Amino acid sequence: MTVTTILPGSPGNTGATLRRNFWRGVGRVLRRKPSRIAGVGIVALFGAMALFGPMLYPAHLPRDNNALYAAPSLAHPFGTDFEGTDVLALVVTGSRYVILTGLATAVITVALGTALGLLAGFHRGRWDTVLMRITDMQLTIPGLPLLLVLSTIWKFQGPLEMGLVLGLLGWGGVARAVRSQTLSLRERGFIEAARGLGLSTRHIVGRELLPSMAPYIAMNVLIAVTGAIYAQVGLFFLGVLPFDSNNWGVMLNLAVFGGGALTSTAALPYLLAPLLAILLLTLGIVLIVDAMDEIFNPRLREE
Amino acid sequence: MKPFAARGGLRVNPMTRRLAGHLARGLVMIWVVTTISFVIIRNIPGNPVLGQYETLIERGMSPDAAERATAALYGFLPTGTLWEQYTGYMKALLHLDLGQSLSTPGTEVVTLIGSATKWTVLPVLGGTLLSFVLGVTLGVYAGIKRSGKLGDLLSISGSLLHGVPQYVIGLLVLAIFTTLWPIFPAGGPVDVEFVPGLNAGYLASLVQHATLPVLTYALASYGGWVLAMKSSVATVLGDDFILAAELRGLSRGVLFRYVARNAILPLFTILALSLGMLFGGAIFIERIFNYPGLGLLLVNSIGTRDYALMGGTFLVTTMAIIVANIAADLFYAVIDPRVRTGGAA
Amino acid sequence: MTTNFPQAESAAVSPLVAAPGHATAPGVRVKDLTVVYRTPLGELPAVGGVSLTIEPGTITGIVGESGSGKSTLALSLLNAVQPPGRIKGGSVEIDGLGDVVKLGGDELRQARGRHLGYVFQAAQNSLNPLKTVGKQLLDLGRSHGVDDLRALVRDAKDLLERMGLDGARVLDSHQHELSGGMRQRVGIMLALVLNAQLVILDEPTTALDMITQATILRIVREVHKERGLTTLMVTHDIGVAAEVTDRLAVMYGGRVVEHGPTMEVLGAPSHPYTRGLIRAIPRLSGDIAEAQALPGRPPTLGTLPTAGCVFRERCPLRMDICETVDPRPLTHDRRTVACHAVERSHSTAEQEEYA
């Protein structure tokens, strides 16, 4: 994918070819290693789980007092928890909270990170210095301790509020990536050339810059979202947030510190099920990022 | 053209200028972080500082004495304007006074942090160094054999371990080695029946208890090293001077050293940074293995609403990272001749 | 961090004079060399069946536009074509070494540096940025089993001083402390210090300013003469080639289209491409409008025609036969040209002579 090909000719038209070339590149990279298609499949599966999963179960999951910490069986593929609730049902219904937080984080990260990164890279000078200092600061202050401390004054009610906070703490990476991308396009004379053609700033940013770095932003957002999902599950696991709903982190916390799942091997599936869900989601995302990395980092492509 | 003029002492030493810049930036960062810390403690719902003050008065203490007692506890005055409270807090910090712990009455926060630090530093330092050596070695291989089966395996496993959150690895390690196959103790830093000191029983117990946290930390950070080294090696292999060295007929050993030394350079910076991160990065591991380091201290202080302790731990954690940032940059300047002499090619 | 290099006690033998008993300048015979690059479109030839003889003791220039295959050809002489490229066929016979295409492993490694010196383009960083020049020199010596490292350092210092540098100081410097021209002299020193007799320079003056460029060219000429080398110089600058070389090979689309004594090739170019190339040079004295650019674009690996003459798309003398038959290089009067039109005019001229 060469960006320089945009310069001559009408921008809209070549932009479209560029996008077509990009999708062809995606197809080729996916085909080269079939495992990557599995990655897309896994992530899609989790999306579907979050969207439709809770519909499959009643609002209040049934308890079975005769089967506390039941071993895996046909009726309960991952056994039951300390109340006799099906663990699989817990994982499936809990996915919505987790994924919703991730999506909320994604929206905030994309919006803030892209806007600030573009602003810094496009205007350079004083704007750039100030914005990058703020970004540096945001990246330096350790996120987890700050989240823990923040949890004492902010109760993070619901997945959207949670996503908002995580997004506000996590836009730095995207902003920096967008800025360096903008600067590198600038260095290649890209922006000056577009100016020379009499294109407006809005056109340059909206039609030329953003499309050419959209995949790059997507990759960084994917990483930010993954981080948000983990942070959120982790906060619930540590038990610093009130358990107001079903969530993988709550499951982990109860399994380790509450129910004593670790005292007998029979109850292990209760602990392992949410772990497995996180591992699987990570695998899916790693495979996708690996494919994206190859698309944007030709140097890694090797002969 | 006098390319060697730069070697004279005419200009301000670039290292000095670098150091000054970093110190200035570090100070600003520290100011920002302390302010955040103040704002959070000041805004905790229910205003515990004022609450403590009023409780003391209700118990019959004189307002003056109650004010002093509360100030000793939280590091700032319960009454007065926001500005007075802020300057009071900052002044106390300058004297390294972080207040007193509520959950362990009568103990200075500084003391608690000091004793927790040694439990954090030992296992995390061990885990970091272990994973660094292992990850860098395998990363070189993965970088050179990028299209081979083993190289692929290393990359994917590295990405996976790097991508999975620490607590997932920690919980799996915990489940495997304490429940499924119970060969290691589940928690705590050492068994209580041993007398602390240089005796075999105590040391053995120490090592036994540290094994799982170290293993978890090593597994969690190993992936990052493999990936970083792999991409660094790939970059260096594409550099002109490697081809030049090959065309001069340098031996494989020399070539390997050229690649490895140039590739590992940027990783030392990350190493220094992650050593700074160790103060805050071990929260999950310490919670899972009930290891009494700084991370556990922070989590527990939130659980017990011990705000002075929470603020102090947060400050120390963050400060360590800022200091590590500066140290990393200076360290890089020492090992890279291009930065050292201040010459840009 | 400075390294103290042993001082030269007395330079009894100038290193610029080839050591007595050492092999004299080698000749090079390239035959039917084909180098291909693996691409998504299959293997495409960057060098297509080139044959070229380099006489011992000459400075031969290879000129051509970027993408003409000249650098690939130069790398082939060291059997060092980089992946995704590979030598598909042909041979490169070098006196004293044999066919380097068949060399491999340690034999090949020893040949590079000891017999074949390669000097990189000045803009490229050909030195390890973390080590001083002196340490890299010692690496070179150890890699090639040089016993007397002291003598090696002495030779290096003499060579550097011969090129107008402060030897001891340069050996104690890192790459970033040297200017472009100094780096290039260090590159030449490293190529020569093991007494290589065949030196290949790849765009040695590109990215240097005019004065430094002139200095480097003078050094190349003098060193070539004093040490009795065979020198091959790859350049896109015909002016540079005219100034330094004895013989000139013009490359286009992976073929050598014309080869002969430099003055004759430039003075009376035969191949339509060479003619176009010379006409395209603007002259200081004279109207800039007289400089005529070649029509069309230079071919890339993907756009190279698979059959017929590679230059026909841009050729003013194009004939029907050019579409289907690749012209053979024919030697006539010390000059080799690969062109149907030139071939035909020669044969008509000969027929007229006998008439």
**Study point:** Part-to-part distance (alpha-carbon centres) for region C:98-177 and region A:166-185, which is given in Å
**Key:** 44 Å
**Study point:** Helical mean residue ellipticity (222 nm; -39500 (n - 2.57) per DSSP H run of 4+; nearest 500) of the protein assembly as shown
**Key:** -18500 deg cm²/dmol
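What are the equivalent ellipsoid semi-axes of region B:200-345, built from the alpha-carbon gyration tensor (square roots of five times its eigenvalues), in whole angstrom, biggest first? Please report the intermediate quantities before stating the final value.
Values: eigenvalues 320, 82, 29 Å².
Semi-axes from the Cα gyration tensor: 40, 20, 12 Å.
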Review point. Out of C:R275, C:R344, C:R114, any idea which swings most in a Gaussian network model of chain C, alpha carbons joined below 10 Å?
Key: C:R344
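Around A:E83, with a cut-off of 13 angstrom between Cβ atoms, what is the net charge of the other residues, counting Lys and Arg +1 and Asp and Glu -1? Mind dumping the intermediate values first?
Values: positive: A:R63; negative: A:D64, A:D81, A:D86.
Local charge sum for A:E83: -2.
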Review point. Between region A:201-244 and region B:22-65, what's the alpha-carbon centroid distance in Å?
Key: 33 Å
Revision key, fill the gap. The exposure ranking of A:V205, B:V164, fewest beta-carbon neighbours within 10 Å first, is A:V205, B:V164
Review point. What is the Cα centroid distance between region A:57-136 and region C:25-86, reported in whole angstrom?
Key: 57 Å
**Study point:** Exposure proxy ranking, count of Cβ atoms within 10 Å, fewest first, for B:Y307, C:Y37
**Key:** C:Y37, B:Y307
Review point. For chain C, which cysteines have no disulfide-compatible partner, meaning no other cysteine Cβ under 4.7 Å?
Key: C:C315, C:C339
Review point. Given charges of +1 on the Cβ of Lys and Arg and -1 on the Cβ of Asp and Glu, with all other atoms neutral, how large is the dipole of region C:123-195 about its Cα centre, in debye to the nearest 20?
Key: 100 debye
Practice item. Rounded to whole Hz and in sequence order, give me ³J(HN,Hα) for region C:62-73 from the Karplus expression 6.51 cos²θ - 1.76 cosθ + 1.60, θ = phi - 60°, writing x for Gly and Pro. Key: 10, 10, x, 6, 5, x, 7, x, 5, 5, 4, 4
Practice item. Could you list which residues have their amide H under 5 Å from that of C:V256, counting only those 5 or more apart in sequence or on another chain, with H placed in the peptide plane? Key: C:S51
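Normalise the Cα radius of gyration of region C:67-175 by 2.2 N^0.38 Å (N = residues in it) and let me know the number.
Details: Rg = 16.1 Å, N = 109, 2.2 N^0.38 = 13.1 Å.
So the Cα radius of gyration is 1.23 times the expected 2.2 N^0.38 Å.
Based on Cβ point charges of +1 for Lys and Arg and -1 for Asp and Glu, what charge dipole magnitude is obtained for the protein assembly as shown about its Cα centre, in debye rounded to the nearest 20? Write down the numbers at each step before the final one.
On the way: 83 positive and 73 negative charges, 197 e Å.
Charge dipole, the protein assembly as shown, about its Cα centre: 940 debye, nearest 20.
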Check your understanding: Long-range amide H contacts for C:L201: which residues qualify at under 5 Å (H placed 1.01 Å from N, peptide plane, sequence gap of 5 or more or a different chain)?
Key -> C:V119, C:L232, C:M233, C:V234
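Which pairs break 23 Å Cα to Cα here: C:K31/C:K102; C:K31/C:K70; B:K230/C:K88; B:K149/B:K230?
On the way: C:K31/C:K102 13 Å; C:K31/C:K70 15 Å; B:K230/C:K88 31 Å; B:K149/B:K230 15 Å.
Long pairs (Cα-Cα over 23 Å): B:K230/C:K88.
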Review point. Going by a ≥ b ≥ c, the root eigenvalues of the Cα gyration tensor, does chain B fall in the rounded group (a/c under 1.5), the prolate group (a/b larger than b/c) or the oblate group?
Key: oblate
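Shape verdict for chain C, please, from the Cα gyration tensor: rounded (a/c under 1.5), prolate (a/b greater than b/c) or oblate. Don't skip to the answer; put the middle values down first.
On the way: a/c = 1.98, a/b = 1.80, b/c = 1.10.
Prolate, because a/c is 1.5 or more and a/b exceeds b/c.
Kirkwood Rh, region B:214-265, all Cα pairs: how many Å? Don't jump to the answer; show the numbers that get you there.
Values: mean 1/r = 0.0821 Å⁻¹.
Kirkwood radius, region B:214-265: 12.2 Å.
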Review point. log₁₀ I(q)/I(0) of the protein assembly as shown at q = 0.07 Å⁻¹, via Debye over equal Cα point scatterers, no solvent, to two decimals?
Key: -0.79
Check your understanding: Any idea which of A:S200, C:L41, B:Q100 is furthest toward the positive side of the dipole for the protein assembly as shown, if Lys and Arg beta-carbons carry +1 and Asp and Glu beta-carbons -1?
Key -> A:S200
**Study point:** Summed side-chain charge close to A:L139 - residues other than A:L139 whose Cβ falls under 15 Å, Lys, Arg +1, Asp, Glu -1
**Key:** +2
Check your understanding: By count of other Cβ within 10 Å, fewest leading, how are B:M61, B:M310 ordered?
Key -> B:M61, B:M310
Revision key, fill the gap. With the charge dipole of the protein assembly as shown built from beta-carbon charges (+1 for Lys and Arg, -1 for Asp and Glu) about the Cα centre, the Cα from B:M15, C:S91, B:H209 projecting farthest to the positive end belongs to C:S91
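Cα convex hull of region C:123-195: mean projected area in nm², to one decimal? Write out the running numbers ahead of the final one.
Values: hull surface 17.4 nm².
Orientation-averaged projected area of the Cα hull: 4.4 nm².
Given charges of +1 on the Cβ of Lys and Arg and -1 on the Cβ of Asp and Glu, with all other atoms neutral, how large is the dipole of chain C about its Cα centre, in debye to the nearest 20?
Values: 37 positive and 40 negative charges, 133 e Å.
Dipole of chain C, to the nearest 20 debye: 640 debye.
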Exercise for review: Can you bin region C:155-251 into rounded, prolate or oblate? Criterion: square roots of the alpha carbon gyration tensor eigenvalues sorted a ≥ b ≥ c, rounded for a/c under 1.5, prolate for a/b above b/c, oblate for the rest.
Suggested key: oblate
Revision key, fill the gap. For the protein assembly as shown, the charge dipole (Cβ of Lys, Arg +1; Cβ of Asp, Glu -1; about the Cα centre) points to a positive end, and the Cα of B:M61, A:V40, C:L171 closest to that extreme belongs to C:L171
Check your understanding: Taking the DSSP beta bridges in chain C as the whole, what percent of them are antiparallel, to the nearest 5?
Key -> 60 percent
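Could you grab the relative contact order for region C:123-195? Cα pairs under 8 Å, six or more apart, rounded to a whole percent. Each step should come with its number before you reach the end.
Values: 63 pairs, mean separation 29.9, N = 73.
In percent, rounded to a whole number, it is 41.
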Check your understanding: Which of C:T39, C:T212, C:T235 moves the most in a Gaussian network model of chain C with Cα springs under 10 Å?
Key -> C:T39
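Read-outs throughout are calculated quantities, based only on the coordinates presented, and are distinct from any laboratory measurement. Worth saying up front: this structure is predicted, and the values here are computed from it rather than measured. Cβ sites come from the backbone with ideal geometry, for glycine too, and all protein chains shown count toward neighbours.
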